[in-house]
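Asks: Provided herewith is a single structure, encoded as structure tokens, for subsequent inquiry.
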Amino acid sequence: MTVRIPEQWTRFLLRQPESGMGYQRVDVRLANNRQINNVIVLNAEEIELPNDCDTCEIAEIRIHGS
């Protein structure tokens, strides 16, 4: 499912390199400490998360492989 990310993470991702044209591959840690690796973020605004994460809060985002 595609979820719009909070503004603070958009600002962070805009300062990071893209993995390809218009997207970044990231590793995400949610507030419940669940780790999801190699997730796609589109245009630093929308993230592809599993369907059971519709109300999950993002605690940390790192560029995948860094």
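The values are calculated or read from the model by the stated rules, or taken from the named source; none is laboratory data. Just so it is clear, the model here is predicted, and its values are computed rather than measured. So basically every Cβ, Gly included, is an ideal-geometry build from the backbone, and we count neighbours across all protein chains shown.
Asks: Under 7 Å between Cβ atoms, which residue pairs at least 6 apart in sequence (or on different chains) link something in the stretch 1-17 that is in contact (Cβ under 8 Å) with a residue 12 or more places away in the chain with a partner that is assigned to a helix (DSSP H, G or I)?
Replies: Matching pairs, first to second residue: MET1/ASN51.
Asks: Name the one entry in ILE47, ILE40, ILE36 that is outside any loop (DSSP other than H, G, I, E, B), in contact (Cβ under 8 Å) with a residue 40 or more places away in the chain and on the phi < 0 side of the Ramachandran plot.
Replies: ILE47
Asks: Return only the number of the condition from (1) surrounded by 13 or more Cβ atoms within 10 Å (Cβ to Cβ); (2) touching a helix residue (DSSP H, G or I) at 6+ places or on another chain (Cβ under 9 Å); (3) modelled with pLDDT under 95 that MET1 does not satisfy.
Replies: So the condition that MET1 fails would be (1).
Asks: Working only within the stretch 33-58, note down all residues that are exposed (fewer than 13 other Cβ atoms within 10 Å of the Cβ) and at pLDDT 95 or above.
Replies: Within the stretch 33-58, GLN35, ASN37, ASN38, ASN43 meet the criteria.
Asks: Can you tell me which of (1) loosely packed, with under 15 Cβ neighbours inside 10 Å; (2) more than 10 Å from the chain's Cα centre (by Cα); (3) at pLDDT 95 or above; (4) not charged (D, E, K, R) is the one GLN16 doesn't meet?
Replies: Evaluating GLN16 over (1) loosely packed, with under 15 Cβ neighbours inside 10 Å; (2) more than 10 Å from the chain's Cα centre (by Cα); (3) at pLDDT 95 or above; (4) not charged (D, E, K, R) leaves (1) as the failure.
Asks: Checking THR10 against (1) in contact with a His (Cβ under 8 Å, 6 or more places away or on another chain); (2) over 12 Å from ARG62 (Cα atoms); (3) among the polar types (S, T, N, Q): exactly one of these is not met. Which one?
Replies: (1)
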